[in-house]
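Report on the structure given below.
The values are calculated or read from the model by the stated rules, or taken from the named source; none is laboratory data. The shown structure was predicted, so the numbers you read here are calculated from the model rather than taken from an experiment. Note that each Cβ is placed from the backbone with ideal geometry, even for glycine, and that neighbours are counted across all protein chains shown.
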Amino acid sequence: MKTGILAAREAAGRAAREHTKRSSHRQVGQLARDPLELLKAASVGRVPKLVPLRHGRMLASPLAFFVGSAILQAHDLSLVPNTGMAIPVCGDAHLLNFGAFATPGRQLVFDLTDFDEVAHAPWEWDLKRLVASLVIAARQRRYSRGVAETLVRSAVGEYRDRMRQYAEYGALELWYETITFDRMIETALAPEARRPIRRAMEKAASHAREDSFEKLAHRDGERWALHHAPPSTFHVRGGSTLFEPEDAWFEADHWRRQTDRMIEGYRKTLAHDSRELLGQFDWHDLAFRMSDVGARCLVLLAVDQRGEPLFLQIKEAYRPAIANFFHSTVVKHEGARVAEGQQLLQAASDVFAGWSTTPSGRHVYFRQLRDMKLSADIELLDGALLADYARLCGWAMARAHARAGNAAVGIAAYIGRATRSRMR
């Protein structure tokens, strides 16, 4: 039985078709723009000497360029009709920003994995970024146009079907919905794909926490230190540094006494139980971790009384690309936007997700470095496996949108059950 609220949401979803027909989503946007100027704008505030590296990585492949240029698609989407149904979205939901990882309870799940671009925007902008990335991946692998269309239909069809399913869920049932490893294997993958995926996940699960510790750190006297392993991870030292004077706070000889206020600010953003847990760790080392976006990104090593590690990532949060073209909410702290977006969109969010401000006044967010993580390598996926993966991404996106925006009823009503040939 539908309540008045649910009936109103369903009616609003159907009414959105009047001002934004479903067939209007085939429009590609206004391409008369200067991509170089937009990319320059997206690089403002990042580490100047790392921006060329970011651009160099984008040149590696068409998909790499697409992944690094969220601002271009945000610009184009702002110039085509949208549903007006704005909810919290990932903002950069391309196929590589999904993956499998271990929850704090050591359960393997599949979900969105990156929230740097999280924003309030039309729900379909996430879906369009996903399907665009699938088409680019298909072209990069030199698959036929038919395969690319199958990938799109797989992702969108799964999103539609799952959203219709979630429209029938109660609030708690939806909040606790999780795409576990076993559910993923049995319901979203073709039988022939289950064995190789299961093997890959079991291999990821076999990587013990101690093994990860040894790969990232070593004992230095009475304390543990992160490996100095440029260019991926390195301590900031000496006059040949890549960084400006404002970033001196994370140099190897100074960080402990300069980060107390930042870490205390971070602690205050955590739930009480997470603060208590964090209090059982002692800070041992800080190093710069190379990011593919030219951002200030650090890894902080903490160790408990039994010598067990905790690796926290500290990453600068920038204004999301979508915010340049769709304005709906006021953001007071970009780090809070990212951490809270992760907690809202991700089914099994990180208990250490939080935010703070650096000694130089920049907004950062904290999160635990994931272990037992598995992401897609499109070079190893044939067309059939890519279609399975597309369905998984569509499912995970539907779950995130339904939970974060409480909009499953309205979105399901807007999409309906029609195929493309019947949509108007």
| query | Which condition number does residue 383 fail, the rest of (1) buried (at least 20 other Cβ atoms within 10 Å of the Cβ); (2) touching a residue at least 60 places away in the same chain (Cβ under 8 Å); (3) out of contact with any Pro (no Cβ under 9 Å at 6 or more places or on another chain) being met? | reply | (1)
| query | What tally of residues in region 340-351 results from selecting those that are out of contact with any Cys (no Cβ under 9 Å at 6 or more places or on another chain), under 20 Å from residue 265 (Cα atoms) and crowded, with 20+ Cβ neighbours inside 10 Å? | reply | 3
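Take region 140-171 and flag every residue that is of a type in the set (Lys, Arg), part of a helix (DSSP H, G or I) and loosely packed, with under 15 Cβ neighbours inside 10 Å. Spell out how you get there, then give the answer.
If we filter region 140-171 for residues that are of a type in the set (Lys, Arg), which is where we start, we get 141-142, 145, 153, 160, 162, 164.
Still in the list and also part of a helix (DSSP H, G or I): 145, 153, 160, 162, 164.
Across region 140-171, the qualifying residue is only 145.
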| query | Checking residue 14 against (1) in contact with a helix residue (DSSP H, G or I) (Cβ under 8 Å, 6 or more places away or on another chain); (2) within 30 Å of residue 291 (Cβ to Cβ), which single condition isn't satisfied? | reply | (2)
| remark: Per the list (1) modelled with pLDDT of 95 or more; (2) in the same structural domain as residue 104 (by TED's automatic domain parsing); (3) surrounded by fewer than 24 Cβ atoms within 10 Å (Cβ to Cβ), residue check on residue 399 breaks on (3)
| note | When (1) crowded, with 18+ Cβ neighbours inside 10 Å; (2) at pLDDT below 90; (3) among the hydrophobic types (A, V, I, L, M, F, W, C); (4) closer than 23 Å to residue 400 by Cβ are applied to residue 50, the one that fails is (4)
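Being over 30 Å from residue 247 (Cβ atoms), modelled with pLDDT under 95, of a type in the set (A, V, I, L, M) and not in a helix (DSSP H, G or I): is that true of residue 6 here? Talk me through it step by step, then tell me what you get.
Values: over 30 Å from residue 247 (Cβ atoms): yes; modelled with pLDDT under 95: yes; of a type in the set (A, V, I, L, M): yes; not in a helix (DSSP H, G or I): no.
Here the answer is no, as residue 6 does not meet what is asked.
Do we have any residue at all in region 121-139 that's part of a strand (DSSP E or B) and among the small types (Gly, Ala, Ser)? Don't jump to the end; show me each part of the working.
Narrowing region 121-139 to residues part of a strand (DSSP E or B): 121-122.
The next check asks that each one be among the small types (Gly, Ala, Ser); those that pass are 121.
Among the residues of region 121-139, at least one is part of a strand (DSSP E or B) and among the small types (Gly, Ala, Ser), which makes the answer yes.
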| Test: residue 360 is crowded, with 20+ Cβ neighbours inside 10 Å, over 20 Å from residue 106 (Cβ atoms), outside the structural domain of residue 106 (by TED's automatic domain parsing) and touching a helix residue (DSSP H, G or I) at 6+ places or on another chain (Cβ under 6 Å) | no
| query | So which of 93, 155 is in contact with a Gly (Cβ under 9 Å, 6 or more places away or on another chain), modelled with pLDDT of 95 or more and either outside the structural domain of residue 333 (by TED's automatic domain parsing) or among the polar types (S, T, N, Q) (or both)? | reply | 155
| message | Any residue that is in the same structural domain as residue 168 (by TED's automatic domain parsing) and either among the β-branched types (Val, Ile, Thr) or assigned to a loop (DSSP other than H, G, I, E, B) (or both) - is there at least one of those in region 47-55? | response | yes
| remark: Subset of region 273-290, residues of a type in the set (Phe, Trp, Tyr) and without any contact (Cβ under 8 Å) to a residue 40 or more places away in the chain, comes to 281, 283
| Filter result for residue 329 (farther than 25 Å from residue 114 by Cβ, assigned by TED's automatic domain parsing to the domain that holds residue 350, touching a strand residue (DSSP E or B) at 6+ places or on another chain (Cβ under 9 Å) and surrounded by fewer than 18 Cβ atoms within 10 Å (Cβ to Cβ)) | no
| Selection count where residues are exposed (fewer than 13 other Cβ atoms within 10 Å of the Cβ) and either under 24 Å from the mean Cα position of the chain (by Cα) or at pLDDT below 90 (or both), scope region 20-39 | 6
| Hey, among the residues in region 251-286 that are out of contact with any helix residue (DSSP H, G or I) (no Cβ under 8 Å at 6 or more places or on another chain) and polar (S, T, N, Q), which one's surrounded by the most Cβ atoms within 10 Å (Cβ to Cβ)? | 274
| request: With the condition kept exactly as written, say whether any residue in region 225-232 is farther than 30 Å from residue 58 by Cβ and part of a strand (DSSP E or B). | output: yes
| message | What are the pairs with Cβ atoms under 6 angstrom where one residue, in region 354-370, is under 19 Å from residue 278 (Cα atoms) and the other, located anywhere, is of a type outside the set (A, V, I, L, M, F, W, C) and in a loop (DSSP other than H, G, I, E, B)? Sequence gap at least six, or different chains. | response | 354/269; 355/269; 364/358; 367/350; 368/350
| note | Among (1) assigned to a loop (DSSP other than H, G, I, E, B); (2) surrounded by fewer than 17 Cβ atoms within 10 Å (Cβ to Cβ), residue 248 falls short only on (1)
